[in-house]
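Only one structure is covered here, and it is reproduced in the block below.
The values are calculated or read from the model by the stated rules, or taken from the named source; none is laboratory data. Every value quoted in this text rests on a predicted model; they were computed, and no experiment measured them. Cβ: placed from backbone, ideal geometry, glycine included. Neighbour counts: every protein chain shown. For the accessible areas, the whole protein counts, side chains as well, though only heavy atoms, and no ligand, DNA or RNA atoms are used. Shrake-Rupley method; radii C 1.70, N 1.55, O 1.52, S 1.80 Å.
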Amino acid sequence: MRHDGGVTDLRSRLADARLYLCMDGRRSPGDLAAFLDAVLGGGVDIVQLREKGLEAGEELALLEVFAAACRRHGALLAVNDRADVALAAGADILHLGQDDLPVTVARRILGPEPLIGRSSHDPAQASAAATEDGVDYFCAGPVWATPTKPGRPGTGLSLVSHVASLGVSLPWFAIGGIGLRELDDVLAAGATRVVVVRAITEADDPAAATRAFADRLASHSSLAGANPK
């Protein structure tokens, strides 16, 4: 299923990515392929299937639809938690939480590809992820409490500011409760990349919501490049 030219190409595409969408398999509305075309066509750079409780066969069947859409739109495909499923699906990215497989073990299962991402929820975890051997990117949050992570308190913008102050070259994404109304504050705190869930998946017009995020992120990136700190 992979549609890249190797690890170097994947890392280059990851470096260019700004908008990362986590979503379920949309089995209730039954519009998975159409939804993926809408959001990937609107500017989502990375899409991750995140749906707890799936059997491996169910997840792989959904990932076939995700992978086909990613090929059509040149986007990166991420798998959550499971190295075996990422390997079987030919995913571009495996994303690991703090309590998932160690990165070194995941890499032994996967071989040289795909890329590996890491979650972080406080300054110490973020600082560790920024320098952890084998990690290709990391996420910091949830910035605001979100029902997608029940029981996990929001970190506030201070975590975003902390990560920005590290000055790391590794790509990182702010995550957690980020909608268009919150995006400017997240960018002002130092983020240049975000993970979004409900602001796109529950939007009345997902394609329009995606374009709004993508346009604002691109404008911020252009301004930051023109006015480096």
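Numbers for the structure displayed
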quantity: Shape of the chain, Cα gyration tensor, a/c cut at 1.5; calculated: rounded
quantity: Additional length obtainable on full extension of the chain from residue 37 to residue 218, 0.36 nm per residue less Cα span; calculated: 63.1 nm
quantity: Cα gyration tensor category, rounded, prolate or oblate, for the stretch 162-229 with a/c compared to 1.5; calculated: prolate
quantity: Of all accessible heavy-atom area on the stretch 55-115, the percent that carbon and sulfur account for (1.4 Å); calculated: 54
quantity: Magnitude of the charge dipole, the chain, Cβ model with Lys/Arg +1 and Asp/Glu -1, debye to 20; calculated: 360
quantity: Mean Cβ count within 10 Å, highest first, over the residues of peptides 65-73, 114-122; calculated: 114-122, 65-73
quantity: Accessible area per residue in Å² at 1.4 Å probe, computed on the chain; calculated: 44
quantity: Cα gyration tensor category, rounded, prolate or oblate, for the stretch 46-176 with a/c compared to 1.5; calculated: prolate
quantity: Fully extended contour minus Cα-Cα distance, from residue 208 to residue 9, at 0.36 nm per residue; calculated: 68.8 nm
quantity: For the stretch 203-217 versus the stretch 49-119, the gap between their alpha-carbon centres in whole angstrom; calculated: 25
quantity: Extension gain from residue 109 to residue 68, taking 0.36 nm per residue of separation minus the Cα-Cα distance; calculated: 12.4 nm
quantity: Accessible-area composition of the stretch 150-229, carbon plus sulfur, in percent [1.4 Å probe]; calculated: 50
